[in-house]
1. Could you tell me the calculated FRET efficiency between Asp214 and Lys58, based on Cβ-Cβ distance and R0 = 45 angstrom, to the nearest 0.05?
2. Can you find, among Trp390, Val84, Thr209, the residue sitting farthest towards the positive end of the charge dipole of the chain, where Lys and Arg contribute +1 and Asp and Glu -1 at Cβ?
3. Go ahead and run the numbers for FRET between Lys302 and Leu410, Cβ-Cβ distance against an R0 of 60 Å, rounding to 0.05.
4. Would you work out which of Ala308, Gly220, Phe64 lies farthest towards the positive end of the dipole of the chain, given +1 charges on the beta-carbon of Lys and Arg and -1 on that of Asp and Glu, about the Cα centre?
5. Once you put a point 7 Å from the Cα of Asp114 and another 7 Å from the Cα of Asp80, both along the Cβ direction, what distance in nm separates them?
6. What residue among Leu324, Ala274, Gln378 has its Cα farthest toward the positive end of the dipole of the chain, where the charges are +1 on Lys, Arg and -1 on Asp, Glu, each on the Cβ?
7. I'd like the distance separating the alpha-carbon centroids of segment 205-249 and segment 93-115, in whole Å.
8. Would you mind giving the average projected area, over all directions, of the Cα convex hull of the chain in nm² with one decimal?
Amino acid sequence: MLQGKRILLVIGGGIAAYKVLELIRRLREQGASLNAVMTKAAKQFVTPLSVASLSGSKVFDDLFSLTDETEMGHIQLSRDADLVVVAPATADLIAKMAQGLADDLASTLLIATDKKILVAPAMNLRMWLHPATERNIALLRQDGVTFVGPEDGDMACGEYGPGRMSEPAAILAAIAAALQTDTTIPLPAGMGADRPLAGLRVVVTSGPTREPIDPVRYLGNYSSGKQGHAIAAAAARAGADVLLISGPVALQDPAGVRTQHVTTAAEMLAAVEAALPTDIFIAAAAVSDWRVADVAAHKLKKGTSVPALPLVENPDILARVAQLSRARPRLVVGFAAETENVIDNARAKLARKGCDVIIANDVGSDSGMGVMGQDQNQVTIVTRTGTENWPPMRKEAVALRLVSYMAKLLEGGGDA
């Protein structure tokens, strides 16, 4: 997926820098080439020798190095890449980016680059939640910078909360998604003259996620991805530029749609955040609510007792997108797969998540997602102003009708 891609990796000064070594290894395995730039503080946590050994390239760290400037000037270094990745991005480095400061090589490169920038924040939770950091993040999002994470978790300082840098696998997924968003695939001929979503960007999630227990087992669900894939295809048919972010499914990628494949909830969140901003976000994926706290490194064996599998909550992708203070999509659509009290639960989800529309369906009946992923569906549209029951129909028909419904909402100002 990353074969031949050139990455400029800016390593900030935080304890999470140790994760970057694994990220570098994975990037090289995927066929990417990279140049690494380290801040002065970064060298307190990982050594330039380690970074150079894994990356296979010289490490740059001095803005005023005559040798480095002769071999590759900082302006060329800032632009000789397909993507710039900042990991870990400390509060200080984020502040410099937001304010346009350039007092070392890393910050100078970041203001001199003309390429897309992906940032993986890592800091104490109080620093992450500080109003100054929130303002800086908002400014960077306005400038088109994309983010992956941070996640909730234990900190090196002993506290727990948001601010932990995303894992290398999630950052890798975000890198792949960020690179794909620059690629447009022309729609096939004969897609239809009615293109109510022409000129709009649409991101759709689809399918299940799988959360590993050990190298051979996982937590998952029965989602087939048929409805999400049908929605992505219908949105492309309506003229939109569509990115489909799909969990593991046994379906072909829809024609005319850019598809990003992920496995876990964390990888899906990373891909979604890397794809922002967008005009419409449709969360059709059945994202696992929980993951195993400690994934076993080797296959668990039968013994005298059943192993305990403590669970932790996965990130809430729909809520995160719906509750963005800036760069929120104009329309955020979620799904509620329920087995009882379908409408009441869907209304509660609409309020809890902060989205504009919930598509509710009863997966306990033959019309729903079901064990085998039926081709038909029966849904109810739930908004703040009421509900609208749709008759049973094929999932392709549900998708086409949903696209028409969304286009009318946007035409009317997006008030659901």
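What follows draws every value from the coordinates through simple rules; no lab data is involved. If you're wondering where the values come from, they're calculated on a predicted model, not measured in any experiment. Note that each Cβ is placed from the backbone with ideal geometry, even for glycine, and that neighbours are counted across all protein chains shown.
1. With R0 = 45 Å, the Cβ-Cβ based efficiency is 0.70.
2. After comparing all options, I get Trp390.
3. 0.65
4. Of the candidates, Gly220 comes out farthest on the positive side.
5. Label at Asp114, label at Asp80, 1.6 nm between them.
6. Value computed over the given set: Gln378.
7. Rounded to whole Å, the Cα centres lie 36 Å apart.
8. Averaged projected area of the chain's Cα convex hull equals 22.3 nm².
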